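Enquirer: Sharing a structure, written as structure tokens. Questions coming.
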Amino acid sequence: MGIAEFIQSNIFLPRLKQKSCLVIYDPDRRYRDICLDLASETVTVIDATENGLESRIAALRELRLFGMPSLRALLKVESANDILLALLSPSSLQERALKGSDTWVQEGRDFLHATLGQELKTRAKADEIWRFVLFSEFVFDLPVDLLDSLVTVPHAPNEAQLLVEDICDRLWSDLRTRSQYIDRAEQVEADLGLPAVCRAIENLGDRYTFSFEERTILKQAIAALMTEDMDRVRHILTAGKIRSGWANGICRRMPTPYQGADEQTQN
């Protein structure tokens, strides 16, 4: 038996039989791989080594889940990200499980408060969670101070940014949930009157949480094109925006001049 095997089987495993959770912080990488190999259906290994504060926040978030057995059992998932994703867009099996039991409701409230800082006003209804998550991503990405008229709209604290962005990216990138994302985002955008409220903001960030953000950029590109400011057009269209596609037919709101404008920049 090698040293690594001895440490794994004689030091870490006996402790895990009692605790079932292992948190790793090993910047020197001496035992990290050994510990990660211990993960199983009954043992959770949380790596707090990478990215300093970010990984430790993620570790704390995962640790909070150990007091929420009903949610984990009903949804058949373990991580905070997967639980939140299931609450927003459950599979048919997950939806039946949630509707068939009330044991998870208080856990759901506790979970949302612990991971997102959300104080639910309803019975863990998806529409309230959707609004909170989508508006939170919009706030995180906004490069200017939040407007006074939007300050009172509930949103997550900065510590939840990675979780919120991961969930929104997963909902958008999965074609099975993208239409649901679009419907929810359009509703939140309309309810809050975001196009009118934010009409004076030129830079709305790099994430198109809502369709009006991309339309705003398109209008700026068209205006620059009309004045033959090709440098400005090129900058707008190649700024590396995340989740573009709102205006190219996905939402069926308006045709996109992206292709024509891009051809102009090449001339």
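Enquirer: Fully extended, how many nm does the chain gain between residue 229 and residue 91 (0.36 nm per residue separation, minus their Cα-Cα distance)?
Expert: Length difference between fully extended and current span is 44.9 nm.
Enquirer: Work out how much length residue 76 to residue 99 would gain on full extension: take 0.36 nm times their residue separation and subtract the Cα-Cα distance, in nm to one decimal.
Expert: 6.8 nm
Enquirer: Please give the length that would be gained between residue 178 and residue 151 if that part of the chain were fully extended, namely 0.36 nm times their separation in residues minus their C-alpha to C-alpha distance (nm, one decimal).
Expert: Here the answer is 6.9 nm.
Enquirer: Take 216, 177, 209, 103 and order them by how many other Cβ atoms sit within 10 Å, fewest up front.
Expert: Ascending number of Cβ neighbours within 10 Å: 103, 177, 216, 209.
Enquirer: Hey, with R₀ at 45 Å, roughly what FRET efficiency would residue 203 and residue 113 work out to, going by the Cβ-Cβ distance, to 0.05? Write down the numbers at each step before the final one.
Expert: Values: r = 32 Å, r/R0 = 0.71.
With R0 = 45 Å, the Cβ-Cβ based efficiency is 0.90.
Read-outs throughout are calculated quantities, based only on the coordinates presented, and are distinct from any laboratory measurement. Keep in mind that what you see is a predicted model, and the values were worked out from it rather than measured. Heads up, the Cβs are rebuilt from the backbone with ideal geometry, glycines too, and the neighbour counts pull from every protein chain shown.
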